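Accompanying notes for the structure given below.
Here, each number is a calculation from the coordinates, and none is a lab measurement. Predicted model, so just to flag it, every value in this text is computed and none were measured. Please note: Cβ atoms are built from the backbone with ideal geometry, for glycine as well, and neighbour counts cover all protein chains shown.
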Amino acid sequence: MPLDAIFITELGRELQERLAGMKIDRVHQPEKDTVVLALRGNRGGARLALCFGSGSARVCLTQAEYENPAQPPMFCMLLRKYIQGARIVEVTQPARERMLLFRLACFDELGQASERTLAAELLGRNANLILVDADGRILDAARRIDEEMSPLRQLLPGLIYRLPPKPDPGKFSGLSPLIRREMEWRGLPPAPESLENLERTPTMLVEDGKPKDFTFLPILQYGPGVESVSYPGWSQLLEAFYAEKDRTEHLKSRAKSLTKLVRNAKSRTEKKLALRLQELSATEDRETDKRMGDLVTANIWRMKPGMASVTVEDFYAPDSPLVDVPLDPRKSPQQNAAQYYKQYTKKKTAREHLVALIGENRTEAEYLASIAAELDRAQTQADLEVIRQELVRAGYVREQKGKGKRREKPAQPLRFTTSAGLEVLVGRSNLQNDELTFKTARRTDLWLHAQKLHGAHVILRCEGAQPDERSVYEAASLAAFYSEGGQAGRVAVDVTQARFVKKQKGARPGMVLYTDQRTVMAEPKKEI
């Protein structure tokens, strides 16, 4: 991402104007690569996010809500010890460097006035956060760098802090490839003076409605296919660009273990299913065994001990053709007949048992596929917790027990209101789907579900009246959005009254049968 030197210059000016004189009230480290400072001052409070993750390094004012761990990391504890209560004196940027220095006024261990510096190095994969004392020595770094990791520059407690090696002064550095291409496209020479008269505006590049990039000036090289959207501030631009990206990445990380568990369980079920289908195919000739047993029984008078086969008339077939019936020469005619009947009975019993098991396997595979779809649709930590509880109840995950374990409040279904003011409820999981459909919904409320797709049960509360078509369409759009077809252009959604939705005995959560439906073609629009 083009968090280059010029962008950081403008960002630093904005932060200097907003933060100078503010005190650090609290320090949190909600993620291993993110520190959040809660600040207070004469103009109110603010929160500063310092992110040093690879691909997401930035410093910006934030409104985002972070979930803090129960036990703060060691680096967070160190920052609390040395900078909590400190006052921000100024925010500076070393010349042409992709970093910001926060000079802090604080007190040392003896209570004497002192200074410390928090250095935010926004260097892509080498991003880091370093705390430096008044003598220029490193107190600690979020990512310690020893000699093996970098023979040129170490970042360890006790060492003198030195700025990153400067680039070749003969080259025009500090610019992202995007800006270099833009200068070439505009016919500008690659020199700092070329940028002096260009408008500097916080700009996000949007392609197909999704954030593509950000920079410090409108970009013309992509033509009309990419829109340049201006923001009122540099922090607001960074917050808007990374908010969805970070939320998605963090959610995927937290969902990873559940996704792996469901994928493995589904794989095991599908392997069992394949084996049982193979075993089932071996029972297809069971009637032939019964037929051979009947032919042997009817022709015992023709058979002699030691015969390996007997030729008889097949009275089951038209015109009674002659057929050869294989025999075990070690057995008597009666024993050969009994053997054929035994094989028939064994295959018949096995088939009945296999048909039941195959049905269970298919149901389980379908159920696990619905769980996988739920994980794909999960948008919050609360969604993941609901799914985890469902897996606990289904026996796929062990319930976590222990003293001091905080009992999470059950997440509620998603709630929306149509343009006409009708309430719409959307299930977050199969368990919630059942709860909504069979306990919450009234008989005359409308029930909606994406046709032949895994998805949420949606209830349109009608209050005993006939709902307007716009409300039905909006509820159908929600059913489409919260389904496997959420990224499609149009999705078929079945609509019926809740009284026509039934559940078979022993059916898995979320699996229902319904009648008297009509189908609405809906667009799964996120905006709705």
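Assorted remarks:
- Protection proxy ranking of 500-509, 285-294 - average other beta-carbon atoms within 10 Å, highest first: 285-294, 500-509
- With a Förster radius of 35 Å applied to the C-beta separation of Arg443 and Gln381, the computed FRET efficiency comes to 0.55.
- Alpha-carbon centroids, the range 505-523 and the range 414-446: separation in whole Å: 14 Å
- Correct option for percent of Cα pairs over 33 Å apart [calculated from the coordinates] among (i) 46; (ii) 62; (iii) 40: (ii)
- Highest average packing first - 369-380, 426-437, 100-111, Cβ atoms within 10 Å: 426-437, 369-380, 100-111
- Whole-angstrom Cα spans of the range 96-252 along principal axes, big to small: 60, 43, 34
- Computed label-point distance, nm, for sites Glu227 and Leu163 using a 7 Å Cα→Cβ extension: 4.0 nm
- Restricting the calculation to alpha carbons of the range 177-232 gives Rg and Dmax of 11.4, 34 angstrom.
- Contour excess over end-to-end distance, with Cα ends at Lys81 and Gln112 and 0.36 nm allotted per residue: 9.7 nm
- Separation in nanometres of the label points that stand 7 Å from Cα toward Cβ, at His353 and Lys210: 5.0 nm
- Whole-angstrom gap from the range 173-231 to the range 312-366, using each part's C-alpha centre: 77 Å
- Between helix 177-186 and the chain there is an angle of about 70 degrees, using the helix long axis and the longest principal axis of the Cα atoms.
- Cross-link table Lys256/Lys526; Lys290/Lys342; Lys32/Lys526; Lys439/Lys526; Lys271/Lys346; Lys23/Lys81, entries beyond 19 Å C-alpha to C-alpha: Lys256/Lys526; Lys32/Lys526; Lys439/Lys526; Lys271/Lys346
- For the peptides 123-130, 490-497, the ranking by packing is 490-497, 123-130, with the highest mean count of neighbouring Cβ atoms within 10 Å listed first.
- P(r) histogram, all alpha-carbon pairs of the range 350-403 included - 10 Å bins from 0, percent: 21, 38, 24, 13, 3
- Angle in degrees between helix 74-83 and the longest Cα principal axis of the chain, rounded to the nearest 10: 20 degrees
- At q = 0.12, 0.17, 0.21 Å⁻¹, base-10 log of I(q)/I(0) for the range 5-141 (Debye sum, equal scatterers on each alpha carbon): -0.43, -0.91, -1.46
- Cα-based reach from Lys347 at 13 Å (exclusive), listing aspartates and glutamates while leaving out same-chain residues under 8 positions away: Glu279, Glu284, Asp285, Glu287, Asp289
- Treating r as the C-beta distance of Asp468 and Thr201 and R0 as 30 Å, the FRET efficiency rounds to 0.10.
- For the range 350-477, the spread of Cα positions along each principal axis, largest first, Å: 52, 50, 25
- Counting only the Cα atoms, the range 414-522 fills a convex hull of 90 Å³ per residue.
- Counting only Cβ charges, +1 for Lys and Arg and -1 for Asp and Glu, the dipole size of the chain around its Cα centre is about 1940 debye.
- Rg [Å, one decimal], Dmax [Å, integer] - the range 286-353, C-alpha atoms: 12.2, 37
- Measuring r between the beta carbons of Ser309 and Met511 and using R0 = 51 Å, the FRET efficiency lands at 0.50.
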